[in-house]
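Student: Sharing a structure with you now.
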């Protein structure tokens, strides 16, 4: 008899055949599970929601890290809120001009699990450019000095549990205060198929704080409905570099992003546009 893990929202369910259970437990903030799946390799689940799998994590991390990094005028000092698996840090370090990265993750257990079971994702933690902090990202941002970072990335879980405060207007306002001229904010902003009122609220909370707010899309098979969105926001109308193909080729091997996708990802389907207004 095959064992399945099922992610469910009480309306739809997504099932994954499990070959092995590595670890199950409860941290101070959330439940966690690590499985070996038959189709997607190792899988990390937090509060019964799939966070990443070995097979498709590169899509999420490449899109969250590289699009804003290509838009930002500098990467001397970068802040990642959340992102305890290390994948966003790993991708940022591919940029030759990337300086110091501060990662602020509230749950030390997520970092521990990633280092233990997903070393190819957590490899960036070994780099001396990375300052790894276990702290509340909301409080960290609130107490940080103005104009400190060239890029702020919010690599959060869904707007439930410990991640709910990372989607508020007040939090985005604090993020804006930290960003230098020519820099930007980037955040994961849920599935385009997510409930319209939630999508609209997230978009409005960001756009109330920034002059330019640009959602973009990618495909992550193990996320609900297979599609995902991220959003970049800035005070200047930042654009992708004219030598985009050269810049992307300088990053080394990528498995999802290329110049064509970087330009096309900002093209939004009509049903999603309607949810934003």
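The values are calculated or read from the model by the stated rules, or taken from the named source; none is laboratory data. Note that the structure is predicted; figures quoted are calculated from it, not measured. We place every Cβ from the backbone using ideal geometry, glycine too, and count neighbours over all the protein chains shown.
Student: As an exercise: evaluate residue 277 against (1) at pLDDT below 95; (2) under 18 Å from residue 70 (Cβ atoms) and give the number of the one condition it does not meet.
Tutor: (2)
Student: Kindly indicate whether residue 84 is assigned to a loop (DSSP other than H, G, I, E, B) and modelled with pLDDT of 95 or more.
Tutor: Spelling it out, residue 84 is indeed assigned to a loop (DSSP other than H, G, I, E, B) and modelled with pLDDT of 95 or more.
Student: Considering only the stretch 230-250, state which residues are under 18 Å from residue 87 (Cβ atoms) and surrounded by fewer than 19 Cβ atoms within 10 Å (Cβ to Cβ).
Tutor: Across the stretch 230-250, there are no qualifying residues.
Student: Any chance you could count how many residues in the stretch 27-36 are part of a strand (DSSP E or B) and farther than 15 Å from residue 7 by Cα?
Tutor: Count: 1.
Student: For the list (1) under 28 Å from residue 265 (Cα atoms); (2) part of a helix (DSSP H, G or I), I need the number of the one condition that residue 194 fails.
Tutor: Only one criterion in (1) under 28 Å from residue 265 (Cα atoms); (2) part of a helix (DSSP H, G or I) is unmet by residue 194, namely (2).
Student: Something else about it: Could we say that residue 39 is assigned by TED's automatic domain parsing to the domain that holds residue 12 and not in a strand (DSSP E or B) here?
Tutor: yes
Student: Residue 241 passes all but one of (1) within 30 Å of residue 198 (Cβ to Cβ); (2) over 21 Å from the mean Cα position of the chain (by Cα); which number fails?
Tutor: (1)
Student: I'd like the full set of residues that are surrounded by fewer than 20 Cβ atoms within 10 Å (Cβ to Cβ) and within 18 Å of residue 226 (Cα to Cα), limited to the stretch 17-37.
Tutor: 17, the sole residue that qualifies.
Student: Could you run through the stretch 38-52 and say how many residues are surrounded by fewer than 19 Cβ atoms within 10 Å (Cβ to Cβ) and farther than 15 Å from residue 161 by Cβ?
Tutor: Counting residues in the stretch 38-52 that are surrounded by fewer than 19 Cβ atoms within 10 Å (Cβ to Cβ) and farther than 15 Å from residue 161 by Cβ gives 3.
Student: What's the number of the only condition in (1) outside the structural domain of residue 251 (by TED's automatic domain parsing); (2) closer than 22 Å to residue 191 by Cβ; (3) touching a strand residue (DSSP E or B) at 6+ places or on another chain (Cβ under 6 Å) that residue 22 fails to meet?
Tutor: (2)
Student: Still on this structure, please answer the following. How many residues are in a loop (DSSP other than H, G, I, E, B), closer than 28 Å to residue 53 by Cβ and in contact with a strand residue (DSSP E or B) (Cβ under 8 Å, 6 or more places away or on another chain) when one looks only at the stretch 197-225?
Tutor: Count: 3.
Student: Which of the residues that make up the stretch 206-229 are touching a helix residue (DSSP H, G or I) at 6+ places or on another chain (Cβ under 7 Å), surrounded by fewer than 18 Cβ atoms within 10 Å (Cβ to Cβ) and either in the same structural domain as residue 40 (by TED's automatic domain parsing) or farther than 24 Å from residue 9 by Cα (or both)?
Tutor: 208
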